[in-house]
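Remarks on the structure that follows.
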Amino acid sequence: MGRRPVRRRPRGPRVVLTRLFVAVYPPPSALTPLLDALPSSSRLTALDKWHLTLVFLGDAAASPVAEALADVPSPPPFELRLSGGGRFGSVSWAGVDGDVAQLHELREGIRDALTLAGFPSDSRPFQPHLTVSYTPDPALRNALAAYEGAPWPVTGFTLLESTEGRYNRLASWLL
């Protein structure tokens, strides 16, 4: 999964950084059919890590971030579906279709709340996706390209921390 981010203290121990991000988790009813459609020989990321990252914060204190997220305005209900796929280098991902404009609106509300609280976020263009593998696999990419999942309701978003490859859900907010 790549190198772990570390900070070295002068003449001190190595400290593994905790990185925060905000995500939407599709329900199992959206993930299981996708998993079933992918080649069984593919090296996939763990199913419990499958999410749509909305905002990546990196090294930040969780408590004030959670306080800022509590003020995010709730958009009207909307639906997404996993559809198609692509890659970033060796990373294979499932695409997102449906009420994508509403997802962008939710993301912008989150970014605005975090920026007002002093937590600027990544300014790269947002391309919603669900990472399924970090290993180059043409058969996997072909299966993703042909995939069309069923719609599912977006019901909330979650603040997570990533530490040494583990994702810990810190707080969630309903829409």
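Based on this model, can you work out whether Phe157 counts as part of a strand (DSSP E or B), within 14 Å of the chain's Cα centre (by Cα) and touching a residue at least 12 places away in the same chain (Cβ under 8 Å)?
Considered against the rule, which asks whether it is part of a strand (DSSP E or B), within 14 Å of the chain's Cα centre (by Cα) and touching a residue at least 12 places away in the same chain (Cβ under 8 Å), Phe157 comes out as yes.
If I filter segment 5-39 down to residues being in a loop (DSSP other than H, G, I, E, B) and at pLDDT below 55, which single residue comes out as nearest to Glu164 (Cα to Cα)?
Pro5
Is it the case that some residue within segment 141-150 is in a helix (DSSP H, G or I) and either out of contact with any strand residue (DSSP E or B) (no Cβ under 7 Å at 6 or more places or on another chain) or under 19 Å from Ser63 (Cα atoms) (or both)?
For segment 141-150, residues in a helix (DSSP H, G or I) and either out of contact with any strand residue (DSSP E or B) (no Cβ under 7 Å at 6 or more places or on another chain) or under 19 Å from Ser63 (Cα atoms) (or both): present.
Among the residues of segment 51-62, what is the count of those that are over 22 Å from Leu106 (Cβ atoms) and either assigned to a helix (DSSP H, G or I) or not small (Gly, Ala, Ser) (or both)?
Final tally of qualifying residues: 1.
Condition (residue is within 19 Å of Arg19 (Cβ to Cβ) and part of a helix (DSSP H, G or I)) applied to segment 93-107: is it met by at least one residue?
yes
Would you point out which residue out of Thr18, Thr53 is closer than 20 Å to Leu174 by Cβ and surrounded by 14 or more Cβ atoms within 10 Å (Cβ to Cβ)?
Checking each option against the conditions leaves just Thr53.
Asp48 passes all but one of (1) touching a Phe, Trp or Tyr at 6+ places or on another chain (Cβ under 9 Å); (2) more than 20 Å from Glu161 (Cβ to Cβ); (3) of a type in the set (D, E, K, R); (4) not in a loop (DSSP other than H, G, I, E, B); which number fails?
Looking at each condition in turn, Asp48 falls short on (2).
Can you tell me which residue is modelled with the lowest pLDDT among those in segment 144-175 that are over 20 Å from Ser133 (Cβ atoms) and hydroxyl-bearing (Ser, Thr, Tyr)?
Across segment 144-175, the extreme among qualifying residues is Thr163.
Cβ-Cβ under 9 Å, sequence separation 6+ or interchain: first residue in segment 68-97 and surrounded by 14 or more Cβ atoms within 10 Å (Cβ to Cβ), partner in a strand (DSSP E or B) and among the basic types (Lys, Arg). Which pairs?
Note: pairs meeting the criteria are Trp93/Arg87; Val96/Arg81; Asp97/Arg81.
The values are calculated or read from the model by the stated rules, or taken from the named source; none is laboratory data. These numbers come from a predicted model, not from an experiment. Don't worry about glycine lacking a Cβ; one is built from the backbone with ideal geometry, like all the others, and counts go over all protein chains shown.
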